[in-house]
Amino acid sequence: GLPYPPGPKRLPVVGNAFNIDFKEPYLTYTEWGKIYGDLVYSRIFGQDFLIVNSENTARLLADQRSSIYSDRPHSPIYRLFGIHHMTPGLQYGTEWKTQRKLLHLSLRNDVVDRYRDMHLRSAHRLLENIQRDGKNFYEHFDLYTGALALEFTYGRRIEGKDDPIISLANRLADVMSKGITGERIGLLRALPMLKYVPLWFPGATFQHEAQQCRDLVAAFSELPFAVAKKQAETSGLQPSFVSDILTHGEEESAAKVTATGVYLAAAESSSATLKILILAMILNPGVQDEVHAELDAVLGKAVTPTFKDRERLPYLQAVLYEVMRWHPAFPLGVPHFTTTSDVFEGYYIPKGTVVIFNTWGMSNCEYSDPERFDPTRHLDVDGKLKPEAKQNSSKYFGFGRSRACPGRFFADDALWAAAAVIMSAFRFEQAKDPLGNDIEVVPVFRPGVISHPAPFQCSIVDRFTGS
Ligand code: HEM
């Protein structure tokens with residue numbers, strides 16, 4: 001037979017389990033990429049992995065062979081935690097295709113303009129929250145993106161973090177991110193009997209978390225939907241994802257399931273990106289000066305931007321592209337899985353291989369001096385956006401025409417609205433200690449599929465009052 005793609009030497013049974021930095025696996029994969037090239041083969045506990053280190057190869061596989069490369073890894077953990085029927089984890093097949101069709105109705109490029117008022121209204125709410133209570137800016141970003149996701153999905157306006165639906169959603173996201181880790185997915189593959197440990201068994205934390213997650217999923221797929229329907233009967237249906245589906249005569253059950261997945265896919269990814277923006281601004285005050293200079297020159301002082309100003313603010317847009325390049329919120333995308341075996345450039349790729357698109361590696365190796373935060377990479381000599389800038393940033397939303405993020409156009413507007421509104425109002429700076437010295441900020445990212453910056457202190461100054 002044909003050889004596997006090149007890769008690090010494997011030990012019997014464990015394979016490469018001890019070669020990977022599980023906290024920041026993208027660092028390991030990027031190192032491997034430098035040694036072995038665009039395609040790296042690895043194995044852990046009998047599971048095949050293919051790491052794809054170049055954007056071009058990722059597109060050749062995911063776009064041109066999408067029927068082979070669009071599945072998701074099969075793991076019993078999704079069923080245990082009750083999330084196996086949500087779009088991001090669904091296996092390639094009819095149910096997934098139906099959900100993608102429903103998402104397309106409300107999220108395609110030519111319909112997302114209708115959410116722009118909602119984005120701006122929510123961005124102003126974000127601004128007020130930061131003005132009132134700057135210390136908890138992380139929480140305000142989570143509320144901004146969570147509220148947008150819920151209003152988009154159910155037409156429900158969220159007034160604050162105590163809203164019962166947002167607190168339910170947050171509890172669910174929390175249980176999921178703690179419960180469904182890569183290590184557990186691996187452990188369950190190695191010791192499948194773990195899923196039969198009875199609930200009463202001492203130390204069965206895993207089972208308790210799974211049960212709690214299933215209960216929360218069940219509540220979350222019923223409650224907001226029921227509220228939206230009730231509202232529809234009394235005051236008419238607010239335009240939303242759910243209303244789009246119901247007016248198209250689609251089945252209620254498909255609508256409910258798809259809606260639940262949207263919140264989980266939309267909220268955390270966008271708020272992580274906004275936190276990375278603030279981190280980048282604190283670390284690069286000169287870039288922040290440029291953003292402010294552009295805003296003041298184009299709009300005049302103390303004018304808050306709206307979407308009609310977007311084209312005239314190329315530097316701000318370049319900053320957003322650079323945020324995603326500098327540290328992608330999904331450094332390794334979301335894993336794909338092969339439905340059949342394949343041969344690519346003379347290499348054999350088995351059926352059932354987990355395919356990891358190393359976006360972090362791509363955004364580091366395909367640019368010079370990659371650690372430097374430099375928005376001008378995306379601008380030409382006249383300060384206009386390079387024609388390829390938008391396309392270059394599409395990799396941060398994943399790969400495969402049919403599997404890539406369906407919410408990317410919505411996310412793009414949500415990020416822009418928040419960035420434009422809060423950056424026109426505030427300057428983000430290093431916080432000071434009681435002696436007046438700057439508190440140094442070191443960029444540290446938490447492990448996980450979505451890479452959040454670890455909490456950092458920050459001083460937020462009103463640009464116009466100086467307070
Ligand atoms: C900055 C914000 C966001 C980023 C960086 C992001 C990125 C991603 C990535 C990398 C994937 C995996 C694609 C792949 O399999 O290759 C994904 C999937 C997905 N995203 Fe997003 N996303 C964002 C916001 C959103 C929003 C706002 C929504 C909905 C309104 C959304 C809905 C989804 C859904 C439903 C999936 C699963 C698609 C599938 O498995 O078929 N995302 N996203």
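The values are calculated or read from the model by the stated rules, or taken from the named source; none is laboratory data. Since the structure is predicted, the reported quantities are computational estimates derived from the model, not experimental observations. Because the Cβ atoms are built from the backbone with ideal geometry, glycine has one as well, and the counts that use them run over all protein chains shown.
Key figures for this structure:
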read-out	value
Test: residue in region 369-380 that is basic (K, R), away from the ligand (no atom under 14 Å from the Cβ) and part of a loop (DSSP other than H, G, I, E, B)	yes
Flag for K9 being surrounded by fewer than 16 Cβ atoms within 10 Å (Cβ to Cβ) and in contact (Cβ under 8 Å) with a residue 12 or more places away in the chain	no
Qualifying residue in region 69-80 (condition: at negative phi, within 16 Å of the ligand (Cβ to nearest atom) and surrounded by fewer than 17 Cβ atoms within 10 Å (Cβ to Cβ))	yes
Condition check for A219: within 20 Å of G146 (Cβ to Cβ), in a helix (DSSP H, G or I) and in contact (Cβ under 8 Å) with a residue 12 or more places away in the chain	yes
Residues (part of a helix (DSSP H, G or I), hydrophobic (A, V, I, L, M, F, W, C) and closer than 19 Å to G89 by Cβ) located in region 393-410	F397
Pairs, first closer than 10 Å to S221 by Cα and within 16 Å of the ligand (Cβ to nearest atom) in region 247-262, second among the β-branched types (V, I, T) and modelled with pLDDT under 85, C-beta under 9 Å, six or more apart	A255/I245; T258/I245; A259/I245
Considering residues of region 394-436 that are over 14 Å from Q317 (Cβ atoms) and of a type in the set (D, E) only, the residue nearest to the ligand (Cβ to nearest atom)	E429
Tally of residues being free of Cβ contacts under 8 Å to residues at least 60 places away in the same chain and in contact with a Phe, Trp or Tyr (Cβ under 6 Å, 6 or more places away or on another chain) across region 116-169	1
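Matching residues to (1) assigned to a helix (DSSP H, G or I); (2) in contact (Cβ under 8 Å) with a residue 40 or more places away in the chain; (3) farther than 11 Å from F428 by Cβ:
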| residue | (1), (2), (3) |
| --- | --- |
| S270 | yes, yes, yes |
| L274 | yes, yes, yes |
| I282 | yes, yes, no |
| Q288 | yes, yes, no |
| A293 | yes, no, yes |
| D296 | yes, no, yes |
| P305 | no, yes, yes |
